[in-house]
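Down below is the structure, laid out as structure tokens.
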Amino acid sequence: MTVRYQADADLNQAIVTGVLRREPAVNFQSASAAGLDGIIDAEVLRLSARQGRILVSHDRRTMPLEFAAFIASQQSSGVIIVSRKLSFETAIEELLLIWAVSNAEEWVNRIAKLPL
């Protein structure tokens, strides 16, 4: 199955926009489109998993711990943490690379940080 992304409210929208401009075929849902503003991390993980979307976030502080707690009892579609120090261009390139060369099953219950 093709990789699909879900931005959380913490992710800079410029990354979502940049990915979609470079490759319109990528299924990358913004936080606002999913109604994620103000929702706790555990619920964001649950909604992303239900839709089969890899969650993309800048949240290095709380998301890894929430992810660990989540996968203890449920299956996740995966999480990608994007460093705030990473340029938008590099973040966009790496997300496009992940989309192009991997499939959704490879990301189940996996967390990764960009840059790779």
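Computed from the coordinates by the stated procedures, all read-outs in this text should not be read as laboratory data. All of these numbers come straight from a predicted model, not from anything done at the bench. Positions of Cβ are backbone-derived with ideal geometry, glycine not excepted, and every protein chain shown enters the neighbour counts.
Things to note:
- As a proxy for reagent exposure, K113, K85 were ordered by neighbouring Cβ count within 10 angstrom, fewest first; the result is K85, K113.
- Between A69 and T17, the simple label model (points 7 Å from Cα in the Cβ direction) yields a spacing of 3.4 nm.
- Cα-based Rg of the chain normalised by 2.2 N^0.38 Å, two decimals: 0.94
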